[in-house]
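Worksheet: one structure, shown below.
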Amino acid sequence: MLDAGCGSGIDAVHMASENGSQVVALELSDPGIRQTQARGRMMSNLVPVRGDLEALAFRDQSFDFVYSYGVLHHLVHPERGFQELVRVLKPGGLIAIYVYEDFDTRTRLERML
């Protein structure tokens, strides 16, 4: 699986420890990669990789599962990033993407919930 934009690696480490799958933790920032390496230093199934989500260095259809939490909307070209995630996803694979919602249009109660 690919954690695209793993930040400090919290989710990547959790996914690697939860089911034992091979997890590639992709992160652009050096501090994020260092934190991910430190968190997963004892995990042989976690591979931290420094890379750009808009130009992934993986072959087409490389991953059964692609995960990206709170990253795409920060990219210069979010559409390109999304297309790259789809490109590396195997046919029939699963993709989970979360982008932040603009809560300014929500009522105070909705924002609290």
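FYI, it's all coordinate maths here, none of it is from the lab. All values derive from a computational prediction rather than experimental measurement. Glycine gets a Cβ as well: all are built from the backbone with ideal geometry, and neighbour counts include every protein chain shown.
Using r as the Cβ-Cβ distance of VAL76 and ARG50, and R0 as 22 Å, what FRET efficiency do you calculate, to the nearest 0.05? E between VAL76 and ARG50, to the nearest 0.05, is 0.80. Mean separation of Cα pairs under 8 Å and 6 or more residues apart, divided by the residue count, gives the chain a relative contact order of 25 percent. Mean residue ellipticity at 222 nm, helices only, the chain: -8500 deg cm²/dmol; runs of at least 4 DSSP H residues each add -39,500 (n - 2.57), and the sum is divided by the number of residues. Calculated FRET efficiency, LEU113 and GLU18, Cβ-Cβ r, R0 35 Å, to nearest 0.05? Taking R0 as 35 Å, the efficiency between LEU113 and GLU18 is 0.80. Of the residues PHE103, PHE58, PHE82, the one that moves most in a GNM of the chain with alpha-carbon contacts below 10 Å is PHE103. Shape of the chain from the C-alpha gyration tensor: prolate (a/c of 1.5 or more and a/b above b/c, with a ≥ b ≥ c the square roots of its eigenvalues). Rounded if a/c is under 1.5, else prolate if a/b is larger than b/c, else oblate: which is segment 57-110, with a ≥ b ≥ c the root eigenvalues of its Cα gyration tensor? Because a/c hits 1.5 or more and a/b exceeds b/c, segment 57-110 counts as prolate. For the chain, the longest principal axis of the alpha carbon atoms and the long axis of helix 78-87 meet at an angle near 40°.
Between VAL99 and ASP30, the modelled label-to-label distance comes to 3.1 nm, taking each label 7 Å out from Cα in the direction of the beta carbon.
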